[in-house]
1. Tell me what the chain gives for mean residue ellipticity at 222 nm when only DSSP H runs of n ≥ 4 count, each as -39,500 (n - 2.57), the sum divided by the residue total, rounded to 500 deg cm²/dmol.
2. Work out the charge dipole of the chain with +1 on the Cβ of Lys and Arg and -1 on the Cβ of Asp and Glu about the Cα centre, then indicate which of 247, 153, 45 is farthest towards its positive end.
3. Only Lys, Arg, Asp and Glu count, each charged at its Cβ (+1, +1, -1, -1), so figure out the dipole size of the chain about its Cα centre, rounded to 20 debye.
4. Determine, for each peptide in 68-80, 130-142, the mean count of other beta carbons within 10 angstrom over its residues, then list the peptides with the highest first.
5. Within the chain, which whole H helices from DSSP have a Cα span along their axis of at least 27 Å and a mean Kyte-Doolittle hydropathy of 0.5 or more, if any?
6. Of 63/250; 63/403; 63/238, which pairs sit farther than 24 Å apart, going by alpha carbon to alpha carbon?
7. Length gain on complete extension for the stretch residue 198 to residue 380, per 0.36 nm per residue less the alpha carbon to alpha carbon distance?
8. Any chance you could check the Cα centroid distance between the stretch 310-347 and the stretch 106-134 for me, in angstrom?
Amino acid sequence: MKNRHIWHGALVKRMTICVFIGFSSGLPLFVLLNLLQAWLARSGLDIKALGLFALVMFPYTWKFLWSPLMDRFNLCGMGRRRGWMAISQLALLVSIGVMGMLDPLAHLPAIGALTTLVAFLSSSQDIAIDAYRRELLPDVEQGLGSAVHVNAYRIAGLIPGSLSLILADMLSWQSVFWITSFFMLPGLVCTLLIREPDVYGSPPRSIREAVILPFSEFIFRSGWKNALLILSFIFLYKLGDSLATALATKFYLDVGFSMTQIGIIAKTTGLWASLAGGLLGGIWMIRIGINRSLWLYGVVQAVSILGFSLLSLWGADPVMLALVIGFEALGVGLGTAAFVAYIAHMTDKRFSATQFALFTSLAAVPRTFINASAGYIVDYTGWFMFFNLCFVLALPGMVLLLKVAPWHRTSNDTFALEAGRERT
């Protein structure tokens with residue numbers, strides 16, 4: 001009984017850490033996806049220019065290029081994970097605040113450069129946080145830990161996607177951006193208080209090892225054919241959902257909703273639905289395993305996109321908005337929890353920063369480059385056909401599950417097997 005209490009106490013502590021670092025990870029991304037979009041749209045930028053602003057997200061796609069530095073070097077004497085986390089969090093706090101001090105019409109190139117810097121710092125923080133979480137959690141807790149991380153990540157979206165939009169109707173944009181930036185403080189304080197996770201095996205002893213070993217280990221473990229299938233799956237699984245939400249704020253405005261309605265109805269409904277999806281997804285994942293979770297959650301994630309098609313025809317009905325956003329967020333919460341757990345399962349703890357960065361960089365390609373075309377596609381097709389196209393683009397990733405995560409295969413269901421051994 002005493003050992004069980006100790007185990008539960010350690011579990012609660014690890015999950016609490018996942019909450020704080022997950023929140024810190026999500027905030028800057030949603031600043032770029034939601035707050036920046038609303039700010040620029042209100043300033044008069046057309047939809048094509050707004051779509052092109054997705055290109056500033058390219059650091060999320062290329063972060064694997066500098067991730068070996070985080071596997072190799074101990075920064076500021078705080079460790080390979082905490083040091084990089086603390087520096088990036090402090091720099092993000094300042095950069096986000098300074099962004100709001102610029103004029104979108106007079107300083108657009110400067111805003112582009114600063115948003116690129118925020119994306120670089122945010123993606124760097126993600127490298128360190130993903131590696132820290134992978135090394136902190138035992139394999140049996142990766143599914144639940146991923147779900148908790150995703151939930152906290154989505155909670156962070158409530159700040160720039162809801163609170164900041166509401167404040168924008170009452171305060172200057174400069175004040176809004178500084179208030180938003182100070183929400184980086186909880187994550188920074190957490191980073192300063194937690195301890196560095198234990199090192200598994202021998203970490204890279206040189207830059208050469210830090211660059212070569214993570215890639216060679218993945219190829220050797222999977223083989224070239226399976227490695228390419230896995231990478232293709234990671235690229236495609238979130239493609240449809242990512243493109244569908246690329247211009248979500250602009251879509252809501254075009255349908256006829258006000259900024260306050262978007263802040264209160266869309267964002268809060270989406271938050272609670274995604275929290276439910278993430279939490280239920282993490283719990284069910286322990287029982288049914290990663291493979292079946294990817295199948296079941298992926299279906300919900302894909303079908304939920306069609307709700308946007310319906311909303312584009314239905315019009316500015318607040319109840320319909322809440323239903324559509326709630327269902328879509330539930331699907332995203334489920335799908336993302338399974339997806340992040342799958343990525344964590346595919347990494348070697350010795351090179352968690354580089355391998356995690358490689359996989360998540362690939363997953364970020366649609367959000368960066370393909371999403372940049374969203375404005376042009378909408379301008380040509382209209383919102384209804386755009387969302388139907390997004391649904392079709394969600395299907396290839398599901399088809400690849402036949403190869404990378406077959407329904408009846410148990411070899412990848414690490415968490416379910418580990419949980420069963422724990423119970424016995």
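1. Computed mean residue ellipticity for the chain: -23500 deg cm²/dmol.
2. Toward the positive end, the furthest listed residue is 153.
3. In debye, rounded to 20, the chain gives about 1140.
4. Peptide ranking by packing, descending: 130-142, 68-80.
5. Both cut-offs are met by 2-30, 108-136, 267-303, 318-345.
6. 63/250; 63/403
7. Taking 0.36 nm per residue and subtracting the Cα distance, the gain is 60.2 nm.
8. Computed from Cα coordinates, the inter-centre distance equals 24 Å.
The values are calculated or read from the model by the stated rules, or taken from the named source; none is laboratory data. This structure is a prediction, so every number in the text was calculated from the model and none was measured. Backbone-built Cβ (ideal geometry, glycine too); neighbour counts: all protein chains shown. All accessible areas refer to the heavy atoms of the entire protein, side chains included, with ligands and DNA or RNA removed. Shrake-Rupley method; radii C 1.70, N 1.55, O 1.52, S 1.80 Å.
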